[in-house]
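Presented below is the structure to which this report refers.
The values are calculated or read from the model by the stated rules, or taken from the named source; none is laboratory data. The structure displayed is predicted, hence computed values, not measured ones. We place every Cβ from the backbone using ideal geometry, glycine too, and count neighbours over all the protein chains shown. For accessibility, only protein heavy atoms count, side chains too; no ligands or nucleic acids. Shrake-Rupley method; radii C 1.70, N 1.55, O 1.52, S 1.80 Å.
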Amino acid sequence: MTTSSSAEHPTRRDFLYVATGSVAAVGAAFAAWPLISQMNPDASTIAAGAPIEVDLAPIASGQAIKVFWRGKPIYISNRTKKEVDDAINTQLSSLPDPQTDAQRTKQGHEQWLVVIGICTHLGCVPIAHEGSYNGFFCPCHGSVYDTSGRIRSGPAPTNLPVPPYEFVSDTKIKIG
Amino acid sequence: MSGHSTFEPTNPVIKWIERRLPIFGLVHSSFVAYPTPRNLNYWWTFGGILSLMLGVQIITGVILAMHYTPHVDFAFKSVEGIVRDVNYGWLLRYLHANGASMFFIAVYIHMFRGLYYGSYKEPREVLWILGVIIYLLMMATGFMGYVLPWGQMSFWGATVITNLFSAIPYVGESIVTLLWGGYSVDNPTLNRFFSLHYLLPFMIAGVVVLHIWALHVVGQNNPAGVEPKTEKDVVAFTPYATIKDGFAMVCFMIFYAWFVFYMPNFLGHADNYIPANPGVTPAHIVPEWYYLPFYAILRAIPNKLGGVVAMFGAIIILAFLPWLDSAKTRSSRYRPLAKQFFWIFVVVCVLLGWLGGKPAEGIYVIAARVLTFYYFAHFLIILPILSRIETPKPVPNSIADDVLAKGKKAMASIAVMLAVGGALFIGGAQDARAAEGAPTPPSLKWSFAGPFGKFDQPQLQRGLKVYKEVCASCHSLSYVAFRNLADPGGPGYNTAQAAAFAEEYKVKDGPNDAGDMFERNGRPADRFPAPFANENAARAANGGAYPPDLSLIAKARSYDRGFPLFLWDVVTQFQEQGPNYLVALMTGYEDTPPKGFELPAGANYNKYFPGHAIKMPKPLSDGQVTYDDGSPQTVEQYSKDVTAFLMWTAEPHMEARKRLGLQVMIFLIVFAGLMYFTKKKVWASAH
């Protein structure tokens with residue numbers, strides 16, 4: 001709406017044009033917001049993503065189950081003594097993404113490993129109790145995780161993330 | 001799009017592209033340098049407004065399609081999901097639903113402008129016919145869009161309109177089956193209507209391109225109806241027409257926003273908030289207001305095929321207008337007789353629209369027949385005769401002369417425009433619901449009425465208590481989740497209170513690891529559980545009646561306000577028919593029916609219920625629900641409280657809507673003012 005004619009001589013007319021143009025631009029920007037915001041998760045999706053409780057009692061030692069939270073698979077693994085020891089006794093220097101097993105489990109509940117079962121490479125679901133470390137193995141591109149869900153080899157850059165969770169009782173956790 | 005371009009780019013990049021694809025030159029010659037007659041009045045801005053509306057409809061429509069599910073079991077639910085849960089979903093849906101009405105208001109003004117100023121005459125016949133094609137496509141699009149929410153009017157509108165084709169001899173039934181993809185309007189019908197509703201706007205956009213192309217070949221008509229002869233007769237499209245169209249668009253948006261933010265359901269039908277039910281036809285089936293004149297023509301002819309032919313003929317006849325009216329003078333301004341008949345024709349169209357919304361009985365049918373005859377006579381008799389016998393007044397020599405002759409007609413023109421525009425659509429907007437012998441419920445004072453109305457939080461809390469302790473034993477509230485109780489603009493509980501409220505309910509979940517369904521305590525994300533497992537269980541427990549879901553009941557009930565009150569309602573934003581009716585219903589029970597009224601067994605007499613015989617026994621009695629806040633524990637108070645609560649469940653984002661509405665209104669008014677002065681400044685050099 002502004003004309004290029006009188007750039008050197010700002011006049012009242014130019015001011016009016018600039019003001020009108022600016023108001024139009026501001027209006028357009030505000031009008032665009034609802035059109036973008038609607039793409040975010042809606043209220044029912046957010047509500048459905050509330051924390052879930054999982055009963056650990058049926059999970060035998062050496063067994064891993066998969067539950068879903070916010071559409072993501074969560075592995076809950078009741079690790080054997082050997083698996084826990086393997087995880088604890090790993091040299092941090094040999095890890096691409098150094099983290100101790102204690103940092104990835106809850107104190108007093110060391111046999112329980114809770115990780116989001118999504119490969120940090122490109123989002124496939126790794127298979128439990130597979131791979132050379134008997135932890136997780138991602139069949140898509142060959143990432144190998146150990147019994148603590150830490151990346152050991154392959155293209156994945158980081159460890160399997162631990163979701164927010166807490167022990168409600170000895171046999172029950174709340175994820176989220 | 002017109003002829004050669006004088007566009008000479010200096011930027012090397014633009015030069016490079018321009019040599020290979022002269023798109024900048026095309027835009028420049030079509031929308032910058034394009035000469036427009038300098039005497040165009042504001043009636044000519046509706047072309048731009050229509051482009052704006054097409055854009056708004058496509059953008060909001062594409063977005064709604066991201067959240068909508070075209071399936072008979074989910075369509076109604078997904079629309080409610082959009083309005084309740086999607087961020088700004090209520091805004092997008094109301095923009096789209098009211099946008100359709102605005103689109104038609106603008107197109108009718110655009111068409112009547114063409115009729116008045118003879119814009120269809122040589123050499124603009126093809127331009128005009130393309131316009132008729134756009135109009136037909138718009139009608140098809142609007143109709144299919146109205147089917148998508150899958151409410152009662154959607155379903156029965158789809159049934160009635162598709163059945164029009166059954167009037168075709170021999171192949172009619174087969175065509176209808178083909179349209180339905182079944183033996184009745186059902187899921188395949190909804191699915192294909194969704195697909196076509198998405199497709200047609202892009203076809204409209206395509207024909208609009210042709211329409212504008214044709215326009216730029218022959219040039220715009222103008223109020224004087226004489227072709228531009230010299231440079232003095234025209235001004236450049238940009239900035240002159242651009243700024244003028246822009247100003248008009250902003251004014252139109254103010255009108256649009258009035259409906260979207262303050263009375264979003266005024267132009268719709270209450271019945272469409274009742275989910276589609278193939279077993280029950282609403283008492284009065286009426287199409288959207290923009291089809292009403294043609295609906296009146298359809299019903300005026302007492303023959304199935306004849307009615308359908310007349311209805312489509314009423315639109316098709318427009319395409320032949322350039323040859324029916326052969327007068328050489330274009331503008332009715334210089335045709336004293338044609339001018340008068342034009343206005344009679346406008347009135348006839350408005351009256352036909354009004355009749356289309358009335359029940360097809362008695363005097364209405366006779367009036368519709370007379371007006372239908374006149375509608376066709378206007379094109380087939382009056383215009384051909386006029387073009388032969390009328391002596392036109394002398395037209396100005398040139399557009400420049402015309403501009404000099406008339407100084408200020410713009411203001412009067414705007415006034416007429418608003419008056420006619422308003423009367424045109426409102427003439428049809430009225431609901432056909434007749435009183436059915438029931439008295440009009442008294443208008444009550446509601447805290448949520450008006451542009452600044454808000455819900456009364458303690459009242460909503462009391463209403464929730466009444467619902468929970470009384471209504472909930474028979475009526476579900478399926479679209480409301482416990483978490484909603486903590487939403488802003490609601491009863492004002494916090495999340496912990498909402499969670500505690502949910503805890504008190506048992507909700508069915510499962511299957512568990514053993515494959516069994518189980519009951520657990522409610523969570524905030526759960527919706528209010530229904531009192532009955534299914535409709536049959538509800539009917540069995542309620543003497544054959546099905547207690548309706550109450551989530552939307554405050555918007556799903558209405559009554560006729562009558563002329564001229566409903567016109568005034570647009571100004572006062574009165575839209576509390578639903579709440580008024582609900583209170584009237586709950587307080588309208590009478591122990592003994594009036595003499596001579598035969599009450600069927602198992603029914604109760606209610607003054608305000610249509611037909612008076614209602615299966616629901618008197619639901620409330622004084623002292624039934626205990627209030628902690630000292631409010632009177634009376635049936636009247638209970639009714640008002642639960643009704644306010646149900647208004648909130650029907651329109652949970654009302655407060656956010658009105659708040660945003662105020663901001664938008666202030667912005668648009670300031671912007672319109674700026675546009676007005678900018679327009680004056682720009683045009684100062686042209687006058």
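Applying the selection to segment B:42-91, what residues are open to solvent by 20 Å² or more (accessible area, probe 1.4 Å), outside any helix (DSSP H, G or I) and within 14 Å of chain A (Cβ to nearest Cβ)?
If the condition is that a residue be open to solvent by 20 Å² or more (accessible area, probe 1.4 Å), outside any helix (DSSP H, G or I) and within 14 Å of chain A (Cβ to nearest Cβ), then B:Y68, B:T69, B:F74, B:N87, B:Y88 are the ones that fit.
Quick check on this structure: which one of A:I127, A:I59 is within 14 Å of another protein chain (Cβ to nearest Cβ) and either β-branched (V, I, T) or over 30 Å from B:N512 (Cα atoms) (or both)? Steps first, please.
On the way: A:I127 fails: within 14 Å of another protein chain (Cβ to nearest Cβ).
Just one listed residue meets the conditions, A:I59.
Tally up the residues in segment B:547-563 that are hydrophobic (A, V, I, L, M, F, W, C) and touching an Asp or Glu at 6+ places or on another chain (Cβ under 9 Å), please.
Pass one, segment B:547-563, residues hydrophobic (A, V, I, L, M, F, W, C): B:550, B:552-554, B:556, B:563.
If we keep only those that are touching an Asp or Glu at 6+ places or on another chain (Cβ under 9 Å) as well, we get B:552, B:554, B:556.
Of the residues in that region, 3 qualify.
Within segment B:494-516, is there a residue that is among the charged types (D, E, K, R), touching a strand residue (DSSP E or B) at 6+ places or on another chain (Cβ under 9 Å), in a strand (DSSP E or B) and touching a residue at least 40 places away in the same chain (Cβ under 8 Å)? Even if it seems obvious, please write down each step before you answer.
Of segment B:494-516, the ones among the charged types (D, E, K, R) are B:503-504, B:506, B:508-509, B:513, B:516.
The next check asks that each one be touching a strand residue (DSSP E or B) at 6+ places or on another chain (Cβ under 9 Å); those that pass are B:503-504, B:506, B:508-509.
From what is left, the residues that are in a strand (DSSP E or B) are B:506, B:508-509.
From what is left, the residues that are touching a residue at least 40 places away in the same chain (Cβ under 8 Å) are none.
So far as segment B:494-516 goes, no, none of its residues is among the charged types (D, E, K, R), touching a strand residue (DSSP E or B) at 6+ places or on another chain (Cβ under 9 Å), in a strand (DSSP E or B) and touching a residue at least 40 places away in the same chain (Cβ under 8 Å).
Yes or no: segment B:631-641 includes at least one residue that is over 27 Å from B:R462 (Cα atoms) and either within 14 Å of another protein chain (Cβ to nearest Cβ) or crowded, with 18+ Cβ neighbours inside 10 Å (or both). Before you say what the answer is, go through the steps one by one.
Taking segment B:631-641 first, the residues over 27 Å from B:R462 (Cα atoms) are none.
The answer is no; no qualifying residue exists.
Each row is one residue, and each column tells you yes or no for (1) assigned to a loop (DSSP other than H, G, I, E, B); (2) without any contact (Cβ under 8 Å) to a residue 60 or more places away in the chain; (3) in contact with an Asp or Glu (Cβ under 9 Å, 6 or more places away or on another chain).
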| residue | (1), (2), (3) |
| --- | --- |
| B:V260 | no, no, no |
| B:P287 | yes, no, no |
| B:L298 | no, no, no |
| B:P322 | no, no, yes |
| B:W343 | no, yes, no |
| B:V346 | no, no, no |
| B:L351 | no, no, no |
| B:W354 | no, no, no |
| B:A367 | no, yes, no |
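Any residue at all in segment A:66-86 that's outside any loop (DSSP other than H, G, I, E, B), more than 16 Å from A:T147 (Cβ to Cβ) and charged (D, E, K, R)? Explain how you work it out, then say what you get.
Taking segment A:66-86 and keeping what is outside any loop (DSSP other than H, G, I, E, B), we get A:66-69, A:72-78, A:81-86.
Remaining after also requiring more than 16 Å from A:T147 (Cβ to Cβ): A:66-69, A:72-74.
Right, trim to charged (D, E, K, R) and you get A:66, A:72.
Yes - at least one qualifying residue is present in segment A:66-86.
Restricting attention to segment B:666-687, report how many residues are of a type in the set (K, R) and more than 7 Å from chain A (Cβ to nearest Cβ). I'd like the intermediate steps shown before the answer.
Residues of segment B:666-687 of a type in the set (K, R): B:679-681.
With more than 7 Å from chain A (Cβ to nearest Cβ) added as a condition, the list becomes B:679-680.
Adding up the residues that qualify gives 2.
From the list B:Y146, B:Y108, which residue is open to solvent by 10 Å² or more (accessible area, probe 1.4 Å), assigned to a helix (DSSP H, G or I), touching an Asp or Glu at 6+ places or on another chain (Cβ under 9 Å) and at pLDDT 95 or above? Give the steps one after another, and end with the answer.
Numbers: B:Y108 fails: touching an Asp or Glu at 6+ places or on another chain (Cβ under 9 Å).
Answer to the check: B:Y146.
Within 11 Å of chain A (Cβ to nearest Cβ), at pLDDT below 95 and surrounded by fewer than 20 Cβ atoms within 10 Å (Cβ to Cβ): is that true of B:D509 in this structure? Outline the logic, then answer.
Working: within 11 Å of chain A (Cβ to nearest Cβ): no; at pLDDT below 95: yes; surrounded by fewer than 20 Cβ atoms within 10 Å (Cβ to Cβ): yes.
Considered against the rule, which asks whether it is within 11 Å of chain A (Cβ to nearest Cβ), at pLDDT below 95 and surrounded by fewer than 20 Cβ atoms within 10 Å (Cβ to Cβ), B:D509 comes out as no.
Mind telling me which of the residues B:N11, B:N39 ends up being modelled with pLDDT under 95 and crowded, with 20+ Cβ neighbours inside 10 Å?
Numbers: B:N11 fails: crowded, with 20+ Cβ neighbours inside 10 Å.
Result: B:N39 is the single residue among B:N11, B:N39 that is modelled with pLDDT under 95 and crowded, with 20+ Cβ neighbours inside 10 Å.
Using the structure shown, decide if B:P201 is assigned to a loop (DSSP other than H, G, I, E, B) and farther than 30 Å from A:D14 by Cβ.
Details: assigned to a loop (DSSP other than H, G, I, E, B): no; farther than 30 Å from A:D14 by Cβ: yes.
No.
Taking A:K66 as the residue in question, decide whether it is open to solvent by 80 Å² or more (accessible area, probe 1.4 Å), touching a strand residue (DSSP E or B) at 6+ places or on another chain (Cβ under 9 Å), in contact (Cβ under 8 Å) with a residue 40 or more places away in the chain and within 14 Å of chain B (Cβ to nearest Cβ).
Numbers: open to solvent by 80 Å² or more (accessible area, probe 1.4 Å): yes; touching a strand residue (DSSP E or B) at 6+ places or on another chain (Cβ under 9 Å): yes; in contact (Cβ under 8 Å) with a residue 40 or more places away in the chain: yes; within 14 Å of chain B (Cβ to nearest Cβ): yes.
In short, yes.
Collect the residues in segment B:2-31 that are in contact (Cβ under 8 Å) with a residue 12 or more places away in the chain and under 34 Å from the mean Cα position of the chain (by Cα), keeping them in residue-number order. Lay out the reasoning, then the answer.
Kept after step one, since they are in contact (Cβ under 8 Å) with a residue 12 or more places away in the chain, are these residues of segment B:2-31: B:2-7, B:9, B:22, B:24-26, B:28-31.
Selection gives B:S30, B:F31.
Please work out if B:A140 is assigned to a helix (DSSP H, G or I), in contact with a helix residue (DSSP H, G or I) (Cβ under 7 Å, 6 or more places away or on another chain) and farther than 24 Å from B:Y273 by Cβ.
Values: assigned to a helix (DSSP H, G or I): yes; in contact with a helix residue (DSSP H, G or I) (Cβ under 7 Å, 6 or more places away or on another chain): yes; farther than 24 Å from B:Y273 by Cβ: yes.
Yes; evaluated as a whole, the condition is true for this residue.
Among the residues of segment B:269-295, write down those that are open to solvent by 30 Å² or more (accessible area, probe 1.4 Å) and touching a strand residue (DSSP E or B) at 6+ places or on another chain (Cβ under 9 Å).
Matches in segment B:269-295: B:I274, B:P275.
Go through segment B:529-563 residue by residue and tally those that are open to solvent by less than 30 Å² (accessible area, probe 1.4 Å) and in a helix (DSSP H, G or I).
Matching residues across segment B:529-563 total 5.
Of all residues in segment A:25-42, count the ones that are farther than 13 Å from B:I63 by Cα, assigned to a helix (DSSP H, G or I) and within 7 Å of chain B (Cβ to nearest Cβ).
1
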